[in-house]
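Q: Below you will find the structure I want to go over with you.
Each reported figure results from applying straightforward, stated rules to the coordinates on display, with no laboratory input. Values in this document were obtained by computation on a predicted structure and should not be read as measured data. Neighbour counts are summed over all protein chains in view; Cβ atoms, including those assigned to glycine, are modelled from backbone coordinates with ideal geometry.
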Amino acid sequence: MAWISLIVAGLFEMLGVTFINQLHEKRNAASFFLLVISFSASFLFLALAMKSLPMGVAYAVWTGIGTIGAALLGMLFYGESKKASRLFCIGLVLAATIGLKLVS
Amino acid sequence: MPWLMIVIAAIFEVGWVVGLKHATSVLHWIGTVICIGLSFALLILAGKKLPVSTVYAVFVGLGTAGTVSVDILFFNHPFDGVQIILITILLSGVIGLKFVTDSENKSKEEGDKWPGSV
């Protein structure tokens, strides 16, 4: 289903972003390789999702999942702030995404 | 200059989104990949001159607005008010996340890392 593909695309995007950081720190071939794979997979699943979803919806949700995914990863594994304003923004993205799914 | 880079990056962003959905020939796909590369490169360049969060926020805003507009104007996507409002709310969350995080990290370090890390 298109929405599952979209979520998977967002997750790979989130993964790719973490590899950007890893590449920044480690600067090895493996990090670069994993980065390329992650982003490629992200685009692949996004393309799949866009076969049946409007461009704007797919792009916005994909961006949103990638962004909040990266933020959540940061909170869980890198000790980044869990302050209310961040959680609220994550909530906004989630609510809007669910809303878009419901009206589609 | 960096602001112009962001605008052009957003144009290429819209380009690859359109390509991803509508590409049919090899030429289309090559064009799509080129758009992805250029968009990314310009974004990184702009990020060297301006705060990364600002760059990303403006870029994502323009990219999304551009994509929705192009879909409505050129691909006959119906103007859906509810959809547009929800997309705007979603964007607010994404942009808000960048700014509330950035304001806290400014006190931690001077150098800005890629948006996703903060």
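Q: Would you tell me the mean number of C-beta atoms belonging to other protein chains that fall within 10 Å of each C-beta in A:88-101, as a whole number? Provide the component values of the computation, followed by the final result.
A: On the way: counts 4, 10, 4, 1, 9, 8, 2, 4, 10, 5, 1, 7, 6, 1.
Per-residue shielding by partner chains comes out at 5.
Q: For B:His28, project a label point 7 Å along Cα to C-beta. Then give me every residue of the range A:56-95 with its amide nitrogen under 17 Å of that point.
A: A:56
Q: May I ask for the Rg/Rh ratio of the range B:2-117, computed from Cα atoms with Rh as the Kirkwood radius, given to two decimals?
A: Taking Rg over the Kirkwood Rh, I get 1.02.
Q: Then there's this: Mind checking the mean number of beta-carbon atoms from other chains within 10 Å of the Cβ atoms in A:47-55?
A: 5
Q: Something else about it: By the gyration tensor of its Cα atoms, with a ≥ b ≥ c the square roots of the eigenvalues, what is the shape of the range A:2-103: rounded for a/c under 1.5, prolate for a/b over b/c, or oblate?
A: Because a/c hits 1.5 or more and a/b fails to exceed b/c, the range A:2-103 counts as oblate.
Q: Follow-up question, since we're still on this one. Two-decimal Rg/Rh of the protein assembly as shown from alpha-carbon positions, Kirkwood Rh?
A: 0.94
Q: OK, next. I'd like the distance between the alpha-carbon centres of the range A:35-104 and the range B:9-28, rounded to an integer number of Å.
A: Answer, in whole Å: 20.
Q: If you don't mind, there's one more thing I want to ask. I'd like to compare B:23-31, A:38-46: which one has the highest average count of other Cβ atoms within 10 Å, and what's the full order after that? Please report the intermediate quantities before stating the final value.
A: Working: B:23-31: 11.7, A:38-46: 19.3.
By packing density, highest mean first, the sequence is A:38-46, B:23-31.
Q: Taking only Cα atoms, what is the 0 to 90° angle, nearest 10, from helix B:81-105's long axis to the longest principal axis of chain B?
A: Approximately 20 degrees, to the nearest ten.
Q: For a quick check: with amide H placed at 1.01 Å from N, whose amide H comes under 5 Å from A:Glu80's, ignoring anything fewer than 5 positions away on the same chain?
A: For A:Glu80, the qualifying residues are A:Met75.
Q: Only Lys, Arg, Asp and Glu count, each charged at its Cβ (+1, +1, -1, -1), so figure out the dipole size of the range A:7-98 about its Cα centre, rounded to 20 debye.
A: The dipole of the range A:7-98 has a size of about 100 debye.
Q: Under a Cβ-only charge scheme (Lys and Arg +1, Asp and Glu -1), can you give me the dipole magnitude of chain B about the Cα centre, in debye to the nearest 20? Each step should come with its number before you reach the end.
A: Working: 7 positive and 8 negative charges, 36 e Å.
The dipole of chain B has a size of about 180 debye.
Q: Continuing with this model, one more query. Taking the highest mean first, how do the peptides B:75-84, B:32-41, A:57-66 order by number of other beta carbon atoms within 10 angstrom per residue? List each step's numbers first, then the result.
A: On the way: B:75-84: 12.5, B:32-41: 16.8, A:57-66: 26.5.
Ranked from most to least packed, the peptides come out as A:57-66, B:32-41, B:75-84.
Q: How crowded by other chains is A:67-80, given as the mean number of beta carbons from other chains within 10 Å of each beta carbon?
A: Mean partner shielding for this stretch: 3.
Q: Let me know the longest stretch in chain A that avoids all trypsin sites (Lys or Arg not before Pro) found in a DSSP loop with at most 16 other C-beta atoms within 10 Å.
A: A:52-81
Q: Among A:Ile90, B:Cys35, A:Pro54, which residue has its Cα positioned farthest towards the positive end of the charge dipole of the protein assembly as shown, with +1 placed on the Cβ of Lys and Arg, -1 on the Cβ of Asp and Glu, and the dipole taken about the Cα centre?
A: A:Ile90
Q: Please state the relative contact order of chain A as a whole percent: Cα pairs under 8 Å, 6+ residues apart?
A: Once normalised by length, the contact order is 35 percent.
Q: What are the ³J(HN,Hα) values, in whole Hz, obtained from phi via the Karplus relation 6.51 cos²θ - 1.76 cosθ + 1.60 with θ = phi - 60°, for each residue of the range A:76-92 in sequence order, with x given for Gly and Pro?
A: Once θ is set to phi - 60°, the couplings for the range A:76-92 become 6, 10, 10, x, 6, 4, 10, 4, 3, 4, 5, 5, 4, 4, 4, x, 4 Hz.
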